[in-house]
Amino acid sequence: MRIALIETSLHWGDVNKNLNHYEELLKSVESGCRMVFLPEMFSTGFTMEPEKLEPGAIEKVPQWMSDMSVRYNIALGGSTVAAGKEGFFNRFYFCLPNGEMFYYDKRHLFRMGEEDQHYQPGKERKIFYFEGWRILPQVCYDLRFPVWSRNRGDYDLMVNVANWPSARQDVWSALLKARAIENQCYVAGVNRTGSDPNVNYAGGSVVFSPKGEILSSSSKKNSQIIYANLDLDALNHFRQKFPVWKDADEFEVKL
């Protein structure tokens with residue numbers, strides 16, 4: 001399975017500019033790539049004023065993702081602001097080329113940035129499925145909570161989409177690597193570059209192997225597409241040869 005992570009700067013609060021920008025980048029994704037992931041809140045930037053966004057602009061983002069997925073025959077994932085009956089959510093959509101769409105709402109809201117005051121937390125851990133792969137979606141701050149992302153023998157690839165500040169870049173890399181090793185899975189982390197009114201971002205998008213090896217990573221260019229090849233047979237062979245999972249502790253997550 002060949003995947004791509006699109007790392008780029010964003011247009012603050014401008015849904016149309018961001019969608020047009022990503023549409024141009026999607027055109028250049030290599031043929032044969034089966035899954036593509038975009039950063040957290042890729043359509044607006046990490047805004048704490050969701051109520052000021054034009055409702056019609058936000059509502060069209062999932063359909064745009066589905067259209068791109070169908071057009072380019074890829075599975076496409078990324079998070080965006082979503083409005084629900086209970087309030088706003090930081091929602092990770094996963095769209096398939098057959099038109100199906102799934103979502104996961106960010107569970108852990110970044111209180112230091114007051115995200116918990118403007119968004120509702122997700123209540124359900126979810127697994128996405130595509131072409132034999134089981135994918136655990138995570139959003140930025142979720143990365144700091146290993147119990148939530150603990151592999152229960154139900155996923156092969158963890159994907160974290162983020163707006164992770166450059167001030168904590170080393171933490172980003174260290175935690176992604178740890179999640180790959182402890183869960184014996186592939187881990188893909190896609191971050192943005194540039195800046196918003198509050199924070200600077202240094203990218204650092206990366207794909208780790210189940211052994212914690214870097215398979216692919218970004219440099220410091222303004223925008224780029226990072227590719228990696230994932231091997232499900234090799235993953236299963238490693239899990240059988242080195243079955244750490246058999247000694248894992250039982251636990252229950254209480255919401």
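Things to note:
- 0 to 90° range, to nearest 10: angle between helix 15-27 axis and the chain longest Cα axis: 50
- Matching the structure-derived Cα extents along the principal axes in Å against the labelled list (1) 52, 42, 35; (2) 55, 36, 29; (3) 62, 39, 36 gives the label (1).
- As a size descriptor, the averaged projected area of the C-alpha convex hull of the range 106-255 was calculated at 9.7 nm².
- Degrees, to the nearest 10: 232-241 long Cα axis against longest axis of the chain: 40
- Rounded to 10°, Cα long-axis angle of helix 55-72 versus longest principal axis of the chain: 50
- When the range 66-148 is described by a simple charge dipole with +1 on each Lys and Arg Cβ and -1 on each Asp and Glu Cβ, the residue from LEU143, ALA75, PHE110 located farthest towards its positive end is LEU143.
- Restriction of the chymotrypsin sites (Phe, Trp or Tyr not before Pro) in the range 1-101 to DSSP coil positions whose beta-carbon has at most 16 other beta-carbons within 10 angstrom yields TRP12.
- Remark: for residue pairs LYS106/LYS177; LYS27/LYS177; LYS60/LYS177; LYS52/LYS254; LYS126/LYS246, the C-alpha separation exceeds 24 Å in LYS27/LYS177; LYS60/LYS177; LYS52/LYS254.
- Loop chymotrypsin sites (Phe, Trp or Tyr not before Pro), the range 171-255 (other Cβ atoms within 10 Å of the site Cβ: 15 or fewer; DSSP): PHE251
- Restricting the GluC sites (Glu not before Pro) of the range 91-159 to loop positions (DSSP other than H, G, I, E, B) with no more than 14 neighbouring Cβ atoms within 10 Å leaves GLU100, GLU114, GLU124, GLU131.
- Residue separation of PHE238 and GLU100 scaled by 0.36 nm, minus their Cα-Cα distance, works out to 46.5 nm of gained length.
- Whole-number D in µm² s⁻¹ for the range 91-146, Kirkwood Cα-pair radius fed into Stokes-Einstein, 37 °C, 0.692 mPa s: 264
- For the chain, size of Cβ-based charge dipole, Lys and Arg +1, Asp and Glu -1, in debye: 420
- Relative contact order (percent, whole number), the chain, Cα cutoff 8 Å, 6+ residue spacing: 19
- Summed side-chain charge close to SER79 - residues other than SER79 whose Cβ falls under 10 Å, Lys, Arg +1, Asp, Glu -1: 0
- Antiparallel bridge percentage (DSSP; both residues within the chain; nearest 5): 65
Each reported figure results from applying straightforward, stated rules to the coordinates on display, with no laboratory input. Here the structure is a predicted model, which is why all the values come from computation and not from measurement. Backbone-built Cβ (ideal geometry, glycine too); neighbour counts: all protein chains shown.
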